[in-house]
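Structure, as structure tokens:
Bear in mind that the values in this text are calculations on the coordinates, not laboratory data. Treat the numbers as computed from the prediction; the structure is a model and nothing was measured. Cβ placement follows ideal geometry from the backbone for every residue including glycine, while neighbour counts extend to all protein chains displayed.
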Amino acid sequence: MKQKQMMAIKLVEKCEAKDLMPILVERPTIKEGFVLIKVQAFGVNESEITSRRGESSADFSFPRILGIEGVGIVDEVTSNSRFKVGQKVATMMGGLGRSIDGSYAEYMLVREENIIPLDTNLDWDIVGALPEMLQTAYGSLTVGLGIKKGDVLLIRGGTSTVGLMALILAKKMGATVITTSRKTEKLESLRQYGSDYTLVDNQEIESEIKKITPQGVDMVLELVGITTLFQDMSLTRKGGRVCFTGALAGQWTLDNFSPFMIPTGVFLTSYAGGARDLPSSIFNDILKSIENKEITVPIAKVYHGLGEVAQAQTNLESGKYIGKHVIIL
């Protein structure tokens, strides 16, 4: 029987954003433990730009269909699957777009354990903006930091998509939130999403935070990278936690590290989880909050069709936008 085909963006080598053009490829074939999803929308992410440039870690390989997240409708399942054809679902991480083909396609084949069932009537552009940034933000706050009501949280890199979602979630959880950005003109957006204090990330930041909370913050979510990590720890009270989740500045590692560089009594951890850290009940609760207009999803721009992926990646690289770039099919 002839293999069915689909449109996808499949890379065979590193390239420029302008080279991200959809081509005809074979549609994935269903197999045990996997679900075939008809893609309805997906977000565009920094890590996909890194992969496209050929700068990813060893778990990425060419040829590859990019896309670490996506939402859609179950198209085909095996006989003993817990999912049903026609069901709305989301997926993220778990090797998607890196060690296995991802969501820059009309269909994607995803492991069952990395799929979250959805119950919503929201438009696909809104749902499609959520999986990766919601999972990373929620996992960082709960698994990484163990945040609770009343905590004072500092988010470094607040205008990133994960930073914005972490701000929204932390406020929903009852925390006081301090957010930072390197650009003064972006502070107003942070206030609009509920930040209690917004600070320019410059040499004055330490004195500004000491004015807000003299004893230090309870927790820090680090999204900028190694360049600000040790300053984070100096701003954290004894018994407080710092969670390293992202490296927007590009530096992930440090030479000549010693555990004694961590201040006594301050706890340093990291977060790099996946779908297992985002229960379906939490995802659907967030969707309900969006439906009730209690939460606004930070979306920068919505694009239509695989042919606009090149523009979406170009816009994301520019750094001019705040919020998620979303492709709907």
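Which of MET21, MET219, MET133 ends up with the largest GNM mean-square fluctuation for the chain, with Cα atoms connected below 10 Å?
Of MET21, MET219, MET133, the most mobile in the Gaussian network model is MET21.
Taking the Cα centre of the chain as origin, work out the dipole magnitude from +1 charges on Lys and Arg Cβ and -1 charges on Asp and Glu Cβ, in debye rounded to 20.
On the way: 36 positive and 38 negative charges, 66 e Å.
Using only the charged Cβ atoms, the result is roughly 320 debye.
Across segment 196-203, in residue order, what do the Karplus-derived ³J(HN,Hα) couplings come to in whole Hz, using 6.51 cos²θ - 1.76 cosθ + 1.60 with θ = phi - 60° and x for Gly and Pro?
Result, ordered by residue: 6, 9, 10, 10, 6, 7, 9, 5 Hz.
Give the calculated FRET efficiency between THR50 and GLN215 to the nearest 0.05, with a Förster radius of 25 Å applied to their Cβ-Cβ distance.
Numbers: r = 38 Å, r/R0 = 1.52.
The formula returns an efficiency of 0.10 here.
Need the list of lysines near LYS38 for cross-linking: C-alpha distance under 16 angstrom, and skip anything on the same chain fewer than eight residues off.
LYS4, LYS84, LYS88
Please report the antiparallel percentage of the DSSP beta bridges confined to the chain, to the nearest 5.
Of those bridges, close to 50 percent are antiparallel.
Please list, or write none, the lysines whose alpha carbon is within less than 16 Å of the alpha carbon of LYS171, excluding same-chain residues fewer than 8 places away.
Qualifying lysines at Cα under 16 Å: LYS148, LYS149, LYS293.
Can you list the HN-Hα couplings for segment 317-329, worked out from phi with the Karplus curve (6.51, -1.76, 1.60; θ = phi - 60°), rounded to whole Hz and with x for Gly and Pro?
For segment 317-329, the Karplus curve yields 4, 5, x, 8, 10, 10, x, 8, 9, 10, 9, 10, 9 Hz.
Longest span of the chain, sites excluded, free of chymotrypsin sites (Phe, Trp or Tyr not before Pro) in DSSP loop with at most 12 other C-beta atoms within 10 Å? All intermediate terms of the calculation are to be shown ahead of the outcome.
On the way: sites that count: TRP252, PHE257.
Of all site-free stretches, the longest is 1-251.
Sum up the charges of everything whose Cβ sits under 13 Å from the Cβ of GLY150, counting Lys and Arg as +1 and Asp and Glu as -1, but leave GLY150 out.
0
Between segment 53-131 and segment 254-323, what is the separation of their alpha carbon centroids in Å?
Between the Cα centres of segment 53-131 and segment 254-323 lies a distance of 16 Å.
According to a simple spin-label model (label point 7 Å from Cα along Cα-to-Cβ), what is the distance in nm between ILE23 and LYS183?
Label-label distance for LYS183 and ILE23, simple model: 3.4 nm.
Using alpha carbons only, how many angstrom separate the centre of segment 27-50 from the centre of segment 136-205?
Result: 29 Å between the Cα centres.
Figure the gain on full extension for THR264 and VAL12 (residue separation times 0.36 nm, minus the Cα-Cα span) and round it to one decimal in nm. Could you put the intermediate results ahead of the total?
On the way: separation 252, 0.36 × 252 = 90.72 nm, distance 4.82 nm.
Answer, rounded to one decimal: 85.9 nm.
Helix 280-291 sits at what angle to the longest principal axis of the chain, using alpha carbons and giving 0 to 90 degrees rounded to 10?
80
If the elastic network links every pair of Cα atoms under 10 Å, which of ALA58, ALA175, ALA90 fluctuates the most in the Gaussian network model of the chain?
Looking only at ALA58, ALA175, ALA90, the largest GNM fluctuation is found for ALA58.
What does the charge dipole of segment 132-270 about its Cα centre add up to, to the nearest 20 debye, if the Cβ of each Lys and Arg holds +1 and the Cβ of each Asp and Glu holds -1?
Numbers: 14 positive and 13 negative charges, 81 e Å.
That gives a dipole near 380 debye.
Pop out the ³J(HN,Hα) list for segment 308-313 in order, Karplus 6.51 cos²θ - 1.76 cosθ + 1.60 with θ = phi - 60°, rounded to Hz; leave Gly and Pro as x.
9, 4, 4, 5, 4, 5
Hey, what's the Kirkwood Rh for segment 132-270 if you take every pair of different alpha carbons, in angstrom? Don't jump to the answer; show the numbers that get you there.
On the way: mean 1/r = 0.0683 Å⁻¹.
Result for segment 132-270, one decimal place: 14.6 Å.
Averaging sequence separations of C-alpha pairs under 8 Å and six or more residues apart, then dividing by the length of segment 81-223, give the relative contact order as a whole percent.
Relative CO of segment 81-223 lands at 20 percent.
At a threshold of 8 angstrom on Cα-Cα distance, excluding pairs fewer than six apart, so keeping six or more, what relative contact order does the chain reach in percent?
Here the relative contact order equals 19 percent.
Cross-link candidates for LYS301: which lysines have Cα within less than 16 Å, leaving aside residues fewer than 8 places away along the same chain?
Candidates past the 8-residue exclusion: LYS320, LYS324.
Can you give the calculated 222 nm mean residue ellipticity of the chain, where each DSSP H run of n ≥ 4 adds -39,500 (n - 2.57) and the sum is split over every residue, rounded to the nearest 500 deg cm²/dmol?
After summing the helix terms and dividing by the residues of the chain, the value is -6500 deg cm²/dmol.
Using a Gaussian network for the chain with springs between C-alpha atoms less than 10 Å apart, which of these wobbles most: LEU229, LEU154, LEU130?
Among LEU229, LEU154, LEU130, the largest mean-square fluctuation in the Gaussian network model of the chain belongs to LEU229.
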